[in-house]
Amino acid sequence: MKNYKRFLAVSLAATMVMGSSVTVFAADEGGSTSGSGSLDIVEATDIFQVELPTVPENDTTFNYILDPTGVIAETDAAKYEGKKFVPDKTLYFQNTGDNQVTDTVDGTDVTYDYSDSSNKLTATNKSTMDVDIKVKATISAVKGITMASSSTFAEDKTEPMLYLALKDDDAGNSDTAVTADGIEVSSKIAKLDGAYETKYENGKYVKKLKADAAGFKSYSFQLTGACNPKGDWGSLKDTPPEVEVVWSVKNPIVTGPQVTLSEDGLITISGLTADANVENGATDITLGTGDALYAINSDAVTWNTNDWDKNNGGELKIQLLSGYSVYNDQEVKVNVKLSDGTSINCSATVQLAAE
């Protein structure tokens, strides 16, 4: 009985406590509230940032010297003020910095100023995605010189022959000989994982390159060459041909048709489709300076339609010829009207060979 009374007292005490926090209503009641949602995301998740090679005005990276008979070594490079040349080569580029070749000769380290390969040019990918790079090499035609496909020349070949090749640091890639029609090589530069971090700045989330990010992937390319030591170079009337190297990276973030204009006057219209195409040829492509744009002159350009189709699109290339050299050193604008009613445009400063 005592235990029962004690239990009853505890139960009543609990009821009193609970009763103090519970309100009993005569009828069913309810309540409601509302909440607003927010979205925390990075507005631009992809960053396109590529450091391309930059060269100064009057750059000499790809200038070369032909020495088929070894006269430079015979004269101890007197013409070049005693600069060091790698022995037994027939073509030389000047090298600087890390591009210089070092060898041990008679127990002494020798650093050479000239070798048969040019300085390397390097593109570095600091984007959040892989990027594709294209490198194109062209050579001007010179009467009396044959472009060779190999640096090895047959003993019975007596005509002047020149071998120039584009080589890169892609694993397993062999040298690509520059032909009279020009050549193009392409490669993919991988992204560096973990190079970016998210920051909250100026009221929004943004991707920022980490201050300590290191180890970015890059792609390097250079020229190498040789000439025929048995060739009759004394009969050559013209100077050796000029070589030009152009490099470009396409922005993978931008979708749809794009147009670019290179310094040497190459218009590239890429990403064309059956619905967004160049429909009326030259009349849909205008160019000029300032606000004055004129239909492209078909007689002053060379069309490359190898990768383009009038029905399905593709990539259309148009090379401006010397007739457009009046635009040299000016910013040239290019506008392309597409068959879907939209337009794309670009601009660049050009430098074309004069007539």
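Only one of the numbered conditions (1) open to solvent by less than 60 Å² (accessible area, probe 1.4 Å); (2) of a type in the set (Asp, Glu); (3) within 20 Å of the chain's Cα centre (by Cα) is not met by Asp307, and that is (1). Every condition in (1) part of a strand (DSSP E or B); (2) over 18 Å from Ala137 (Cα atoms); (3) not acidic (Asp, Glu) holds for Gly215 except the one numbered (1). Every condition in (1) open to solvent by 20 Å² or more (accessible area, probe 1.4 Å); (2) in contact with a Phe, Trp or Tyr (Cβ under 8 Å, 6 or more places away or on another chain); (3) modelled with pLDDT of 90 or more holds for Asn228 except the one numbered (1).
Within region 182-205, the set of residues being free of Cβ contacts under 8 Å to residues at least 12 places away in the same chain, open to solvent by 80 Å² or more (accessible area, probe 1.4 Å) and of a type outside the set (Phe, Trp, Tyr) comprises Asp193, Lys199, Asn202.
If only residues of region 255-281 that are outside any loop (DSSP other than H, G, I, E, B) and farther than 10 Å from Ile318 by Cα are counted, the one that is most open to solvent (accessible area, probe 1.4 Å) is Thr260.
Yes/no matrix, rows are residues, columns are (1) of a type in the set (D, E, K, R); (2) closer than 28 Å to Ala190 by Cα:
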residue: Thr124; (1), (2): no, yes
residue: Met129; (1), (2): no, yes
residue: Ala137; (1), (2): no, yes
residue: Ile145; (1), (2): no, no
residue: Lys157; (1), (2): yes, no
residue: Leu162; (1), (2): no, no
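Is it fair to say Thr286 is in a strand (DSSP E or B), within 18 Å of Val259 (Cα to Cα), free of Cβ contacts under 8 Å to residues at least 60 places away in the same chain and in contact with a Phe, Trp or Tyr (Cβ under 7 Å, 6 or more places away or on another chain)? Answer is yes for this residue. No other residue among Lys333, Lys337 is among the basic types (Lys, Arg) and either open to solvent by less than 60 Å² (accessible area, probe 1.4 Å) or under 15 Å from Pro257 (Cα atoms) (or both) apart from Lys337. Which residues, taken from region 89-105, are open to solvent by 70 Å² or more (accessible area, probe 1.4 Å) and either farther than 25 Å from Pro160 by Cα or at pLDDT below 95 (or both)? Correct list: Thr96, Asp98, Thr102, Asp103, Thr104.
Go through region 46-71 and give me each residue that's under 37 Å from the mean Cα position of the chain (by Cα), among the hydrophobic types (A, V, I, L, M, F, W, C) and either at pLDDT 95 or above or part of a loop (DSSP other than H, G, I, E, B) (or both). Selection gives Ile47, Phe48, Leu52, Val55, Phe62, Ile65, Leu66. Yes or no: Asp238 over 26 Å from Asn63 (Cα atoms), touching a residue at least 40 places away in the same chain (Cβ under 8 Å) and part of a loop (DSSP other than H, G, I, E, B)? Judged against the criteria, Asp238 is not a match.
Identify the residue in region 282-302 that is acidic (Asp, Glu) and surrounded by fewer than 17 Cβ atoms within 10 Å (Cβ to Cβ) and, among all such residues, is nearest to Val336 (Cα to Cα). Steps first, answer last, please.
As a first pass, look at region 282-302 and keep what is acidic (Asp, Glu): 284, 291, 299.
Checking which are surrounded by fewer than 17 Cβ atoms within 10 Å (Cβ to Cβ) leaves us with 291, 299.
On the way: Asp291: 15, Asp299: 18 Å.
That would be Asp291.
Looking only at residues in region 145-181 that are outside any strand (DSSP E or B), crowded, with 17+ Cβ neighbours inside 10 Å and of a type in the set (A, V, I, L, M, F, W, C), which one is farthest from the chain's Cα centre (by Cα)?
First, pick out the residues of region 145-181 that are outside any strand (DSSP E or B): 145, 148-160, 169-175, 178-181.
Next, from what is left, pick out any that are crowded, with 17+ Cβ neighbours inside 10 Å: 145, 148, 151, 153, 160, 175, 178.
Going one step further and asking which of them are of a type in the set (A, V, I, L, M, F, W, C), we end up with 145, 148, 153, 178.
Details: Ile145: 31, Ala148: 28, Phe153: 34, Val178: 19 Å.
Per the stated criteria, the residue is Phe153.
Return the only residue of Lys199, Lys208 being assigned to a strand (DSSP E or B), more than 30 Å from Asn345 (Cα to Cα) and not aliphatic (A, V, I, L, M).
Numbers: Lys208 fails: more than 30 Å from Asn345 (Cα to Cα).
Result of the check over Lys199, Lys208: Lys199.
Considering Val142, Val185, the condition of being of a type outside the set (Gly, Ala, Ser) and in a strand (DSSP E or B) is satisfied by Val185 alone. Residue check: Ile344 meets all listed conditions (1) touching a Pro at 6+ places or on another chain (Cβ under 6 Å); (2) open to solvent by 30 Å² or more (accessible area, probe 1.4 Å); (3) β-branched (Val, Ile, Thr) but one, namely (2). Confirm whether Ser343 is free of Cβ contacts under 8 Å to residues at least 60 places away in the same chain and in contact with a Lys or Arg (Cβ under 6 Å, 6 or more places away or on another chain). Criteria met by Ser343.
Taking into account only those residues within region 181-226 that are of a type in the set (Asp, Glu) and in contact with a strand residue (DSSP E or B) (Cβ under 9 Å, 6 or more places away or on another chain), which is nearest to Phe93 (Cα to Cα)? Selected residue: Glu184. Taking residues in region 145-164 that are touching a residue at least 40 places away in the same chain (Cβ under 8 Å) and under 17 Å from Ser235 (Cα atoms), and partners anywhere that are aromatic (Phe, Trp, Tyr) and open to solvent by less than 50 Å² (accessible area, probe 1.4 Å), the pairs with Cβ atoms closer than 7 Å and at least 6 places apart or on different chains are Pro160/Trp233; Met161/Phe153.
The values are calculated or read from the model by the stated rules, or taken from the named source; none is laboratory data. As the structure is a computational prediction, the values presented were derived from the model and not from experiment. Note: ideal-geometry Cβ built from the backbone for every residue, glycine included; neighbour counts use all protein chains shown. Ligands, DNA and RNA are excluded from the accessible area calculation, which covers all protein heavy atoms including side chains. Shrake-Rupley method; radii C 1.70, N 1.55, O 1.52, S 1.80 Å.
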